[in-house]
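A single structure is presented below for examination.
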Amino acid sequence: MTKIMKSDPFYDIVSVRDTMDRMLDSYFGRSIAGFEGYGVVDLDLYQTENDVVIEASIPGISPEDISISVAGEVLTIKGEVKQERENKEADYHIKERRYGSFSRSVTLPTQIVADKANAEFKNGILKLTLPKAEEVKPKTITVKAK
């Protein structure tokens, strides 16, 4: 069975950019593009028959400090991890915990119904379940014999 796939040049460009960002992040040990101090928001994006699912690792943040928006085919996750309080009297030997704002945008692979989206946050993992639009779900056509 041959599967016909719609080509989306913009998605390919975003995919290449994401790959380059990750390569540079792993080389330099931190993000150098698009983030203001917090670092990279790692995520998994996959599809089921009815949904697009995104699972993002955002440790050290409260659900109230996360903002999610969808504009066209682009989903954006924003937030801010606030530093509790720096101890000015201490001499830090290691200070790796990141604070600050972050933003991560991804192009969705298909149309979704944003009004019916579900967002859950547990143990530092944000799980978004985005129902696919009815017009993009596979339809079965029954062949009748004559």
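Going by the structure shown, is Glu96 on the phi < 0 side of the Ramachandran plot, among the acidic types (Asp, Glu) and in contact (Cβ under 8 Å) with a residue 24 or more places away in the chain?
No.
Would you kindly identify the strands (runs of 3 or more DSSP E) lying entirely within region 66-146 that contain at least 2 residues that are within 18 Å of Asp51 (Cβ to Cβ) and either under 12 Å from the mean Cα position of the chain (by Cα) or at pLDDT below 85 (or both)?
66-71, 74-81, 100-107, 125-131
Condition test on Ser103, is it in contact with a Gly (Cβ under 9 Å, 6 or more places away or on another chain), touching a residue at least 12 places away in the same chain (Cβ under 8 Å), surrounded by 12 or more Cβ atoms within 10 Å (Cβ to Cβ) and not β-branched (Val, Ile, Thr)?
yes
Next question. For region 83-133, what are the residues that are hydroxyl-bearing (Ser, Thr, Tyr) and under 16 Å from Gly60 (Cα atoms)?
Within region 83-133, Tyr99, Ser101, Ser103 qualify.
So is Ala56 among the aliphatic types (A, V, I, L, M) and surrounded by fewer than 16 Cβ atoms within 10 Å (Cβ to Cβ) or not?
The answer is no for Ala56.
Among the listed residues Asp8, Asp44, which satisfies the condition of being at pLDDT below 70, under 24 Å from Leu130 (Cβ atoms) and touching a strand residue (DSSP E or B) at 6+ places or on another chain (Cβ under 9 Å)?
Asp8
The values are calculated or read from the model by the stated rules, or taken from the named source; none is laboratory data. Since the structure is predicted, the reported quantities are computational estimates derived from the model, not experimental observations. Please note: Cβ atoms are built from the backbone with ideal geometry, for glycine as well, and neighbour counts cover all protein chains shown.
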